[in-house]
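Trainee: Have a look at this one before I ask anything.
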Ligand code: DAK
């Protein structure tokens, strides 16, 4: 898989981590159909690949993660029905919701519109100082169409989310960290990537089913009432009690050695 170029997405395997790069640096990684389709396909492939335990997404070039939808490509002449047909089945960001492996965004520079929505759909965000976030869709006469109106309130609460959604104003990395968009800050883009890769590498060595189930329980639980969420947690917990990796973790603890997980 190393070095394979899929249109606008580069896929590189670093140990058990798949690094996906949005590769349109000249257009500040504006999201066109090629990026949309390439990223969906790459995510599905690496999620199925047993050699991959975690995924990092980064933007190419010095200037940013992504400036959002390719404004030059927006087809204003499309009918609402054609646009709906185009948007609904694509669901390119929603692929992240069904990705079982943890996905970390390494963010630098501009993280705007659809680029920010992509980052919001990832499990963790490592953000370089100097990054700028905004959802400026209303200034284009639109609203976010990649989950921004739904994921942002769930992540940071309705009040703060509405501030960003209504004003479209940009916030910096410190503010993104303060309000809970950024999980971790880094001094530079290279340090953000290094930290994202480091976290991904750690996660890739953990028991795969436990990592996948904890993500499923937390994410799916958000859309449930507490009783249903607790029920889901118990079911997933019960499944793991009989897993070979859980037995191996206990045995390794008893034997005072490092566990050898098989992903089973
Ligand atoms: N799309 C296409 N190209 C873009 C772009 C974008 N969003 N943003 C920047 N570029 C390109 C520029 O055109 C320029 O290319 P060349 O002219 O050199 O060929 C190159 O990237 C460098 O940009 P600038 O020359 O503008 O660089 P500056 O430093 O002066 O400014 C900037 C950087 C990020 C402040 C500025 O480029 C900017 O404001 N960009 C637009 C950001 C933005 O508003 N993004 C869109 C958010 S809305 C849909 C319709 C819409 C949407 C979704 C779906 N359907 C109908 C299906 C909208 C979603 C969004 O993401």
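Trainee: Of all DSSP beta bridges in the chain, what percent run antiparallel (nearest 5)? Could you put the intermediate results ahead of the total?
Mentor: Details: 12 of 35 bridges.
Around 35 percent antiparallel, to the nearest 5.
Trainee: Rounded to the nearest 500, what is the 222 nm mean residue ellipticity of the chain from helices alone, with -39500 (n - 2.57) per DSSP H run of 4+ residues and division by all residues?
Mentor: Value at 222 nm, helices only: -14000 deg cm²/dmol.
Trainee: What value in Å³ per residue do you get for the convex hull of the alpha-carbon atoms in segment 65-216?
Mentor: Roughly 113 Å³ of hull volume per residue.
Trainee: Here is a follow-up. Note down the nm distance, to one decimal, between modelled labels 7 Å out along Cα→Cβ at residue 94 and at residue 74.
Mentor: About 2.2 nm separates the two model spin labels.
Trainee: Please state the shape class of the chain: rounded when a/c is under 1.5, otherwise prolate if a/b exceeds b/c and oblate if not, all from the C-alpha gyration tensor.
Mentor: It is prolate, given that a/c is not under 1.5 and a/b is the larger ratio.
Trainee: Just to be sure I understand the curve: with the Debye formula and one point per C-alpha of segment 134-264, what is log10 I(q)/I(0) at q = 0.22 Å⁻¹?
Mentor: Debye output, listed in q order: -1.21.
Trainee: Ok, one more. Multiply the residue separation of residue 83 and residue 251 by 0.36 nm, subtract the distance between their alpha-carbon atoms, and state the gained length in nm to one decimal. Don't skip to the end; give the middle numbers.
Mentor: Working: separation 168, 0.36 × 168 = 60.48 nm, distance 5.53 nm.
So the extension gain works out to 55.0 nm.
Trainee: Along the Cα-to-Cβ line of residue 159, 7 Å from the Cα, sits a label point; which residues in segment 167-188 have backbone N less than 14 Å from it?
Mentor: The answer is 179, whose backbone nitrogens lie closer than 14 Å to the label point.
Trainee: Starting from the alpha-carbon convex hull of segment 156-216, give the projected area averaged over all orientations, in nm².
Mentor: Quarter of the Cα hull surface area: 5.5 nm².
Trainee: Here is a further query. In whole Å, what is the distance between the alpha-carbon centres of segment 1-74 and segment 197-264?
Mentor: 27
Trainee: Using bins 5 angstrom wide from zero, how does P(r) for segment 108-196 break down, in % of all Cα pairs?
Mentor: Cα pair-distance distribution for segment 108-196, in percent: 3, 16, 28, 28, 15, 8, 2, 0.
Trainee: Express the relative contact order of the chain as a whole percentage, based on alpha carbon pairs under 8 Å and six or more residues apart in sequence.
Mentor: Numbers: 493 pairs, mean separation 41.9, N = 264.
The normalised contact order for the chain reaches 16 percent.
Computed from the coordinates by the stated procedures, all read-outs in this text should not be read as laboratory data. Source: prediction; values computed, not measured. All Cβ positions, even for glycine, are placed from backbone atoms using ideal geometry, and neighbour counts span all protein chains on display.
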